[in-house]
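Undergrad: Encoded as structure tokens, here's the structure I'll be asking about.
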Amino acid sequence: MYCHKCGAQNDDQAAFCDKCGAALQKQISETGPAAPAYPTPVQYAGFWRRLAAYLIDGLLLAVAWFAMLVVIRTTYLALTGQESEDLSDGARDTIVFFSWVAAAIVGWLYCAAMESSAKQATLGKIALGIVVTDMNGRRVSFGRATGRYFGRLLSGVMLGIGLIIIAFTEKKQGLHDIMADCLVVVKRRNHPQM
């Protein structure tokens with residue numbers, strides 16, 4: 001049986017939806033058994049839509065990285081009492097290194113927290129109307145979203161092949177999606193929960 005509220009598939013004997021908790025209604029008809037209610041077919045998010053979402057997120061994270069660079073540089077100058085013109089190459093390299101470390105941590109937390117949240121998407125994905133789900137259409141855990149994030153880094157390191165395969169796989173999965181057992185799907189317009 002499928003939930004009338006979120007479209008999730010449930011056991012035929014269930015009284016409440018496993019995904020959203022809504023009361024399940026068995027369809028009764030005077031003329032005979034009701035026709036099965038099937039959810040809207042899943043539409044997988046394609047390569048170009050996912051790339052656009054990634055670019056939006058990349059722009060947001062670049063702004064965050066620049067802000068972190070300014071904060072770390074300002075903090076370093078305040079702690080050492082140096083002027084910005086007096087910074088050695090080693091000091092500049094240290095500042096850039098720590099800003100990249102901070103950006104990597106923020107990028108991981110941003111992606112994993114947003115994709116495992118009730119929104120199931122980063123801001124870029126929200127803008128493009130796509131969400132990350134497990135193979136059954138449910139929200140992913142923070143741990144699975146973390147695995148997916150680091151898998152995406154691996155996909156990119158392999159000359160981007162792990163990302164390019166999104167265009168060619170049946171369910172539009174990249175290597176990181178396959179590794180984390182995830183899907184990226186177009187959000188259903190008539191179901192605000194998905």
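Undergrad: Return the total of residues in segment 124-173 being assigned to a helix (DSSP H, G or I), within 12 Å of Met114 (Cα to Cα) and among the hydroxyl-bearing types (Ser, Thr, Tyr).
TA: Total satisfying the criteria: 2.
Undergrad: Right, here's the next one. Considering (1) under 17 Å from Arg50 (Cβ atoms); (2) touching a residue at least 24 places away in the same chain (Cβ under 8 Å), say which one Ser141 fails and leave the rest.
TA: In the conditions (1) under 17 Å from Arg50 (Cβ atoms); (2) touching a residue at least 24 places away in the same chain (Cβ under 8 Å), Ser141 misses (1) alone.
Residues checked against (1) in contact with a Cys (Cβ under 6 Å, 6 or more places away or on another chain); (2) of a type in the set (S, T, N, Q); (3) closer than 21 Å to Ala104 by Cβ:
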| residue | (1), (2), (3) |
| --- | --- |
| Lys125 | no, no, yes |
| Thr133 | no, yes, no |
| Ala145 | no, no, yes |
| Leu153 | no, no, yes |
| Ile161 | no, no, no |
| Thr169 | no, yes, no |
| Ala180 | no, no, yes |
| Arg188 | no, no, no |
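Undergrad: Sticking with this one: Test each condition in (1) more than 30 Å from Leu69 (Cβ to Cβ); (2) surrounded by 14 or more Cβ atoms within 10 Å (Cβ to Cβ); (3) not basic (Lys, Arg) for Ala118 and report the one that comes out false.
TA: The one condition Ala118 does not meet is (2).
Undergrad: Out of Leu61, Leu87, report the one residue that is in contact with a helix residue (DSSP H, G or I) (Cβ under 9 Å, 6 or more places away or on another chain), modelled with pLDDT under 95, of a type in the set (A, V, I, L, M, F, W, C) and surrounded by 12 or more Cβ atoms within 10 Å (Cβ to Cβ).
TA: Selected residue: Leu87, the only one of Leu61, Leu87 that is in contact with a helix residue (DSSP H, G or I) (Cβ under 9 Å, 6 or more places away or on another chain), modelled with pLDDT under 95, of a type in the set (A, V, I, L, M, F, W, C) and surrounded by 12 or more Cβ atoms within 10 Å (Cβ to Cβ).
Undergrad: Continuing with this model, one more query. Out of the residues in segment 129-152 that are at pLDDT below 95 and surrounded by fewer than 14 Cβ atoms within 10 Å (Cβ to Cβ), which is farthest from Cys6 (Cα to Cα)?
TA: Looking at the filtered set, the residue picked out is Met135.
Yes or no, residue by residue, for (1) in contact with a Leu (Cβ under 6 Å, 6 or more places away or on another chain); (2) farther than 21 Å from Thr169 by Cβ; (3) without any contact (Cβ under 8 Å) to a residue 12 or more places away in the chain; (4) small (Gly, Ala, Ser):
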| position | (1), (2), (3), (4) |
| --- | --- |
| Pro41 | no, no, yes, no |
| Gly46 | no, no, no, yes |
| Leu59 | no, yes, yes, no |
| Tyr110 | no, yes, no, no |
| Ile126 | no, yes, yes, no |
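Undergrad: Turning to a different aspect of this structure: Looking at segment 104-120, can you tell me whether even one residue there is closer than 17 Å to Ile56 by Cα and outside any helix (DSSP H, G or I)?
TA: The answer is yes, given that some residue of segment 104-120 is closer than 17 Å to Ile56 by Cα and outside any helix (DSSP H, G or I).
The values are calculated or read from the model by the stated rules, or taken from the named source; none is laboratory data. Everything numeric here is computed off the predicted structure, so don't read it as measured data. Backbone-built Cβ (ideal geometry, glycine too); neighbour counts: all protein chains shown.
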